[in-house]
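Novice: Dropping the structure in here first, questions after.
The values are calculated or read from the model by the stated rules, or taken from the named source; none is laboratory data. Nothing here was measured: the structure is a model prediction, and the numbers come from that model. For neighbour counting, all protein chains shown are included, and Cβ atoms are generated from backbone atoms with ideal geometry for every residue, glycine included. The area values use the complete protein model at the heavy-atom level, side chains included, leaving out ligands, DNA and RNA. Shrake-Rupley method; radii C 1.70, N 1.55, O 1.52, S 1.80 Å.
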Amino acid sequence: GGAAARQIRTEMDAQLATFSTLLAGPDGPAAGYTGGMHSILSMAGSISHAAGVRTEALPVCPSAFVVIEALNAAGAVAKGGAGGEEAKGAVVSDFLNDYRFHEERCVRLRPGWRFGRAVPVRQG
């Protein structure tokens, strides 16, 4: 039990480290990505989502897109779960939705995986 869990955790950590290196490395897609770019992409995604306009080139929520891609790299997303175009259409609330009630708008993890509780964050 414990040894298998440690082995799975070690493998997952290695896969996430590889994902992070590929994403943020000097030749990765996030090279030169700045906070200003993130803000602009987030606003554009929010406006297009609210207007019902789908753009295949840009994610609706860049943060949700990166998290889903990392979960895919770690092998945590359920088969048939969010990936590719579904990941680009994901929003933060998709992580909180229960698949039994929100089948279309949720991120499902493989059996044995779960999200932690939501943590309220205050600014100011």
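Novice: V67 accessible area, nearest 10 Å², 1.4 Å probe?
Specialist: 70 Å²
Novice: Carbon and sulfur atoms: what percent of the 1.4 Å accessible area of the chain do they account for?
Specialist: Roughly 59 percent, rounded to a whole number.
Novice: State the extension gain, in nm to one decimal, for the chain segment bounded by A70 and Y33, taking 0.36 nm per residue of separation less the distance between their alpha-carbons.
Specialist: 11.6 nm
Novice: At A14 and H102, where each label point lies 7 Å from the Cα along Cα→Cβ, what is the point-to-point distance in nanometres?
Specialist: Each label point is offset 7 Å from its Cα along the Cβ direction, giving 3.5 nm.
Novice: What distance in nm separates the two pseudo spin-label positions at R6 and A51, each 7 Å out from Cα along the beta-carbon direction?
Specialist: The two pseudo-label positions are separated by 5.5 nm.
Novice: Modelled label-to-label distance, T21 and W113, 7 Å Cα→beta-carbon offset: nm?
Specialist: Between T21 and W113, the label points sit 2.1 nm apart.
Novice: Considering only protein heavy atoms, with the full assembly of protein chains and a 1.4 angstrom probe, order D27, D13, D98 by accessible area, largest first.
Specialist: D27, D13, D98
Novice: Any chance you could tell me what percent of the C-alpha pair distances in the chain go past 17 Å?
Specialist: 65 percent
Novice: Right, next: Could you give the angle, 0 to 90 degrees to the nearest 10, between helix 35-51's Cα long axis and the longest principal axis of the Cα atoms of the chain?
Specialist: So the helix axis and the longest Cα principal axis differ by about 80 degrees.
Novice: Consider all pairwise Cα distances in segment 1-66 and report the whole-number % of them above 21 Å.
Specialist: More than 21 Å apart: 45 percent of the Cα pairs in segment 1-66.
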